[in-house]
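Engineer: Please read through the structure below; I'll follow up with questions.
The values are calculated or read from the model by the stated rules, or taken from the named source; none is laboratory data. Note that this is a predicted model, so its numbers are computed, not measured. Quick reminder, even Gly has a Cβ in these numbers, built from the backbone with ideal geometry, and neighbours come from all protein chains shown.
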Amino acid sequence: MDPLLRAATRFAYAKDAERLSQRSMGLKAAPLAFTLNATQAWSVRIRQFVDFSLYSKTISAVAITDALGVEPDRSSVRGSKRDNPPVPVEHLWGLRCDEPGLTGDHQVERVIHRVRPLADRIRELVTSTDVSAQLGIVRYFDAEDGEQENLDDAVCPTGDVLTKLAGQHQLLGWHLEAETLALLASLGAGIDCDEYGD
């Protein structure tokens, strides 16, 4: 039996045993929401994006736009949702790449390509005001609008066929080049990585 199918079968049996045990103790067991499909048993849909954001409690996104000469992809105004305490707590100016099909590294490259020409002006804002910079990498698992795992076989240059197993989603993992890290460090930018289950 295929190892993935064997693991999925064991999982299904364990869930059935758990439900029977709950029923014998008089507990209402939740319906089993697990489908035994060898090619999709562990498949997940992923949606992700990368942001480069500038935050400030005193300098608005409009003022940051004026200083940089570039319109943001997204912005917010401090206290626009609530005054006391202010929500959001800071003004935000941000560039984003959320293009589907790109790995985290490629999304970072797209954003950094737009940040690099602004580096001197960003650095000036960060060093002379209360503006702070951050690169954000955000990933949602099991997102309805996410990208399905590609399980297509791959053909090597030698003609050999490699069968892709579920659980090796093409969007998982990411890497930052040394030049990108050096640029972010020179801007005083932190890196924030978030992953959520939808």
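Engineer: On the basis of being in the same structural domain as Leu176 (by TED's automatic domain parsing), among the hydrophobic types (A, V, I, L, M, F, W, C) and loosely packed, with under 14 Cβ neighbours inside 10 Å, does Val87 make the cut? First the steps, then the outcome.
Structural biologist: Details: in the same structural domain as Leu176 (by TED's automatic domain parsing): yes; among the hydrophobic types (A, V, I, L, M, F, W, C): yes; loosely packed, with under 14 Cβ neighbours inside 10 Å: yes.
Taking the combined requirement at face value, the residue satisfies it.
Engineer: Go over the candidates Glu90, Glu71 one by one and state the one that is of a type in the set (Asp, Glu), more than 30 Å from Gln168 (Cα to Cα) and in contact (Cβ under 8 Å) with a residue 12 or more places away in the chain. Give the steps one after another, and end with the answer.
Structural biologist: Working: Glu71 fails: in contact (Cβ under 8 Å) with a residue 12 or more places away in the chain.
When all the criteria are applied, what remains is Glu90.
For (1) surrounded by 12 or more Cβ atoms within 10 Å (Cβ to Cβ); (2) in contact with a strand residue (DSSP E or B) (Cβ under 8 Å, 6 or more places away or on another chain), each residue gets a yes or a no:
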{"site": "Ser75", "(1), (2)": "yes, yes"}
{"site": "Asp105", "(1), (2)": "yes, no"}
{"site": "Glu109", "(1), (2)": "yes, no"}
{"site": "Arg114", "(1), (2)": "yes, yes"}
{"site": "Val138", "(1), (2)": "yes, yes"}
{"site": "Glu144", "(1), (2)": "no, no"}
{"site": "Asn150", "(1), (2)": "yes, no"}
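Engineer: Ok, one more. Tell me yes or no: at least one residue of region 155-175 is in contact with a strand residue (DSSP E or B) (Cβ under 8 Å, 6 or more places away or on another chain), outside any helix (DSSP H, G or I) and within 30 Å of Ile64 (Cβ to Cβ).
Structural biologist: yes
Engineer: Also, quick follow-up: Out of Arg96, Arg47, I need the residue that is within 23 Å of the chain's Cα centre (by Cα), at pLDDT below 95 and in a strand (DSSP E or B). Which one? Quick ask: steps written out before the conclusion?
Structural biologist: Details: Arg96 fails: at pLDDT below 95.
Answer to the selection: Arg47.
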